[in-house]
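To start, the structure under review is shown below, and the notes come after it.
Computed from the coordinates by the stated procedures, all read-outs in this text should not be read as laboratory data. Bear in mind the structure is a predicted one, so any value in this text is a computation, not a measurement. Cβ placement follows ideal geometry from the backbone for every residue including glycine, while neighbour counts extend to all protein chains displayed.
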């Protein structure tokens with residue numbers, strides 16, 4: 001798609017400008033602002049083995065190091081409480097948050113005692129879907145997201161996940177055994193692997209349908225500069241030419257037909273339709289924006305419902321009051337900062353008013369609906385006046401299915417454009433992580449990349 005190529009080139013250029021980190025010596029994140037809703041993100045950077053395509057902050061698991069880290073994380077959480085923050089939602093990502101279950105449970109329990117948290121989302125891997133872990137998790141977590149990536153044994157071997165987590169059929173069985181223990185059970189998938197054929201993708205979709213999970217997320221494969229060499233060596237070089245075709249297959253299998261099994265929750269998150277709802281909904285694609293954030297299914301992209309969020313933990317990224325803050329990627333520096341009563345911010349980049357409007361435009365369309373009333377309230381101008389180039393480009397491309405004075409909703413063409421936009425944006429965010437990693441001492445770089 002020509003529009004996708006033009007968009008990707010423009011986003012790459014803009015990322016270089018507004019995702020460029022500057023060192024900072026601040027010791028605390030900015031405090032909360034009255035009437036704003038915040039979500040808390042907590043990062044657990046430990047994994048039993050490192051996936052070659054992952055560019056998040058992650059280290060090989062070592063019990064002593066991880067135990068100390070969880071204690072520091074809880075102290076940093078208390079710092080946010082002392083600064084006046086409150087949260088209704090907690091998202092725990094990684095890494096593998098469930099790598100030390102008891103430490104994770106203590107961290108969630110503390111968060112609930114400090115803040116008015118109503119829902120908790122947590123990531124995990126298939127080998128942790130055991131009765132002992134799931135029993136404790138289900139008592140604390142509303143949304144569990146399991147990283148599957150693919151059910152194809154060949155792809156799992158390429159990703160070095162087969163020996164870790166078992167075959168695709170074994171993973172599918174584990175999911176089927178526990179899918180009903182959580183309000184939202186999400187199966188995380190990746191599409192457009194170089195060796196992923198159309199048949200492999202269709203089998204992956206069939207497994208998702210069989211899994212009985214009530215949510216799935218299909219991310220396009222994203223190549224960060226820091227992991228491009230290991231990605232090419234293990235799974236091959238990424239080809240974006242077929243990305244749209246594969247996305248259309250995913251959308252049709254999950255959401256197509258007169259009685260779809262899933263509906264769109266975001267441009268790449270899909271929620272299973274309950275029989276009762278499917279009988280009541282009018283013909284055509286349901287509109288998830290008609291449901292309030294508190295009652296619709298939780299989704300992986302917390303940035304849709306919570307535009308601002310502080311992050312705790314090494315490698316966490318916070319977005320507050322128009323600035324992006326990045327915590328140190330060094331475990332040693334992180335521990336030192338927390339022990340000294342400081343937070344661990346090492347870099348920041350400040351968004352201009354125009355950049356903030358571009359960010360809002362992207363995130364709300366990613367959630368399938370842009371609220372014009374909120375936009376006018378927050379920026380004092382209309383969408384077409386605030387981001388004229390982006391608005392006209394999307395309109396000319398046929399990305400808007402519906403528009404009135406209150407909102408914009410995406411068309412099928414628009415959904416793919418937003419998927420490609422977010423893919424390129426997250427590659428840019430991975431570039432921010434690469435900048436933070438560049439400051440690491442050689443010994444920590446070896447731990448980070450598993451060399």
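Things to note:
- Label positions at residue 340 and residue 78, each projected 7 Å from the Cα along the C-beta direction, are separated by 2.0 nm.
- The distance between label points at residue 252 and residue 212 comes to 3.0 nm (points 7 Å beyond Cα on the Cα→Cβ vector).
- Part-to-part distance (alpha-carbon centres) for segment 315-384 and segment 168-183, which is given in Å: 34 Å
- The distance from the alpha carbon centre of segment 248-270 to that of segment 65-132 is 32 Å, rounded to a whole number.
- Computed from the Cβ-Cβ distance with R0 of 60 Å, the FRET efficiency linking residue 198 to residue 64 stands at 0.80.
- Compared with the rule-of-thumb size 2.2 N^0.38 Å for a compact globular protein, segment 353-410 has a Cα radius of gyration ratio of 0.99.
- Only Cα pairs under 8 Å and 6+ residues apart enter the sum, and on that basis the relative contact order of segment 353-410 stands at 38 percent.
- A straight chain from residue 403 to residue 169 at 0.36 nm per residue would run longer than the Cα-Cα distance by 79.8 nm.
- Multiplying the residue separation of residue 160 and residue 241 by 0.36 nm and subtracting their alpha-carbon distance yields 26.6 nm.
- Nearest-0.05 FRET efficiency for residue 2 and residue 153, computed from C-beta distance (R0 35 Å): 0.40
- A protection proxy built from the mean count of other Cβ atoms within 10 Å ranks the segments 370-378, 103-111, most packed first, as 103-111, 370-378.
- Distance between the pseudo-spin-label points of residue 411 and residue 106 (7 Å out from Cα toward the beta carbon): 5.6 nm.
- Rounded to the nearest 0.05, the FRET efficiency derived from the C-beta distance between residue 332 and residue 138 at R0 = 41 Å is 0.70.
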